[in-house]
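The values are calculated or read from the model by the stated rules, or taken from the named source; none is laboratory data. Only a predicted model underlies this, so the values are computations on that prediction, with no experimental measurement involved. We place every Cβ from the backbone using ideal geometry, glycine too, and count neighbours over all the protein chains shown.
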């Protein structure tokens with residue numbers, strides 16, 4: 001099956017070289033494939049405890065933190081991260097010419113369509129999610145509400161008290177209120193959404209009319225909180 005390039009990003013990091021005779025576990029070191037530039041755990045040949053001096057490449061903590069953030073976000077949202085170390089000898093000039101023209105700070109994350117994050121301060125949850133939009137696993141719906149009059153603050157407080165209501169916006173024009181709903185229960189259907197609207201929102205005395213939109217498919221760039229595992233009874 002052909003690899004889906006639309007869900008692959010490339011993260012360029014720049015490691016520093018150190019010469020050491022101090023033994024380090026192979027998992028704490030990184031090696032680069034000279035043909036592709038991909039990073040992988042280094043394999044230490046022979047006696048792993050040998051004290052002979054050898055070259056080792058290490059990422060700074062801030063770059064390692066960006067790498068961890070990018071990989072965690074990608075795993076949650078169904079993307080893959082290819083990591084390339086431009087600090088290795090012979091890689092930097094070639095990669096700058098091909099991919100990183102004008103780059104001054106590392107790490108650099110390049111998305112499927114060429115968008116990129118450059119430098120440690122750019123690596124935030126919001127910007128990583130912006131580069132990796134994903135399907136929404138919870139059903140959202142959008143309800144327009146027309147109000148007869150009365151106390152809008154009271155209506156706002158009542159509607160916001162429902163856990164299904166994620167946002168509420170007061171409007172001018174044909175509709176008075178716009179409500180964003182989110183349903184956490186798996187398998188929620190349009191009928192259940194409309195039942196909630198008619199019973200909980202349309203049932204308010206001040207509400208004259210409602211109109212609800214239920215998307216067939218939704219994609220988001222916003223961070224999505226992972227589902228909480230079911231609660232387990234505490235052991236006595």
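For the reader, a short list of remarks on this structure follows.
- Flag if residue 180 is modelled with pLDDT of 95 or more, in a helix (DSSP H, G or I) and surrounded by 10 or more Cβ atoms within 10 Å (Cβ to Cβ): no
- Search result, residues across segment 127-152 that are farther than 15 Å from residue 205 by Cβ and without any contact (Cβ under 8 Å) to a residue 40 or more places away in the chain: 127
- Residue list for segment 116-157, restricted to those being modelled with pLDDT under 90 and assigned to a loop (DSSP other than H, G, I, E, B): 136, 137, 138, 148, 149, 150, 151
- A search for C-beta distances below 6 Å between a residue of segment 191-218 that is assigned by TED's automatic domain parsing to the domain that holds residue 143 and any residue that is outside any strand (DSSP E or B) and surrounded by fewer than 12 Cβ atoms within 10 Å (Cβ to Cβ), counting only pairs 6+ apart in sequence or on different chains, returns 206/148; 208/148.
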